[in-house]
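> Have a look at this one before I ask anything.
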Amino acid sequence: MMSVVGAQPFIKPMQTSPSVSPGIQRRHTLPASEVRPLNTQDAISVFEIEREAFISVSGECPLHLDEVRHFLTLCPELSMGWFEEGRLVAFIIGSLWDQDRLTSDALTLHKPCGSTVHIHILAVHRTFRQQGKGPILMWRYLQYLRCLPNVRRAVLMCEDFLIPFYRKSGFKVLGRCAITVANLTFTEMCKLIYDSVFGCCCVFF
């Protein structure tokens, strides 16, 4: 994704389990809620959430299982998963791109020298929707991208009904995307990540 490919994001747990006195044995050691990069062991959980979220709406998955594993192998540092008690409830997968606009190659390629993060997918498990997790995870992801020195912007393609959602996260419409999938067409959206005046600011909580 840049010269820091391979670096893992420093992300603190979003919420930790309440402390217990030494005399009380904990039932488990999993944090109540945490955000971390994904890895290939998470691929099946990712695909199960994605398949339910997208096939039920559009009949197509942005990434097939082998493509999920592909990006989590090449650029896991551009992914982010939200886990509750060890269960994946929401995730983002991205890769690097090196052109101004997306082309069909952007669906499968990771360009390590690129300065644009192509956000392939944001999805939330069906039982955790309507809880604000999607916008929160996107906010955290964009804050993390600001800490990667060679990243200048993030781009994505979405169906028109999702444009208001991404606008709330600061994305602006670039126009119709050159990529089509089956009968689906998309709008390409972009958000600048790096501010040359104010520089980088990392915020984690």
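The values are calculated or read from the model by the stated rules, or taken from the named source; none is laboratory data. The shown structure was predicted, so the numbers you read here are calculated from the model rather than taken from an experiment. Neighbour counts are summed over all protein chains in view; Cβ atoms, including those assigned to glycine, are modelled from backbone coordinates with ideal geometry. When the accessible area is computed, the model is the full protein with side chains, heavy atoms only, and any ligands, DNA or RNA have been set aside. Shrake-Rupley method; radii C 1.70, N 1.55, O 1.52, S 1.80 Å.
> In whole percent, what relative contact order does region 33-156 give with Cα contacts below 8 Å and a gap of six or more residues?
25 percent
> For K191, list the aspartates and glutamates whose Cα falls under 13 Å from its own Cα; do not include residues on the same chain fewer than 8 positions away.
Within reach: D100.
> Moving on. May I ask for the net charge around N39, where only other residues with Cβ less than 15 Å from the Cβ of N39 are counted and Lys, Arg are +1 while Asp, Glu are -1?
Charge balance in the 15 Å sphere: -1.
> Moving on to the next point. Skipping prolines and chain starts, which residues have an amide H placed within reach, meaning under 5 Å, of the one on H125, given they are 5 or more residues away or on another chain?
Result for H125 returns A90.
> Okay, next question. What accessible area per residue, rounded to a whole number of Å², is obtained for region 52-173 using a probe radius of 1.4 Å?
Per residue, region 52-173 has an accessible area of 44 Å².
> Among the aspartates and glutamates, which have Cα under 12 Å from the Cα of K172 when same-chain residues fewer than 8 positions away are ignored?
E188
> When you count, for each residue, the other Cβ atoms within 10 Å and take the mean per peptide, how do 64-70, 92-98, 125-131 rank with the highest first?
92-98, 64-70, 125-131
> Sticking with this structure for a sec: At what distance in angstrom do the alpha carbon centres of region 110-142 and region 167-192 lie from each other?
What the calculation gives is 14 Å, centre to centre.
> While we're on this one: In whole Hz, what ³J(HN,Hα) sequence does region 73-90 give by Karplus (6.51, -1.76, 1.60; θ = phi - 60°), x for Gly and Pro?
Per residue, the Karplus-derived 3J(HN,Hα) values read 8, 6, 8, x, 5, 9, 10, 8, x, 9, 10, 10, 6, x, 9, 5, 10, 7 Hz.
> Which of the three applies to region 61-205, rounded, prolate or oblate, going by the alpha-carbon gyration tensor with a ≥ b ≥ c and a/c under 1.5 meaning rounded?
Cα axes put region 61-205 in the rounded bin.
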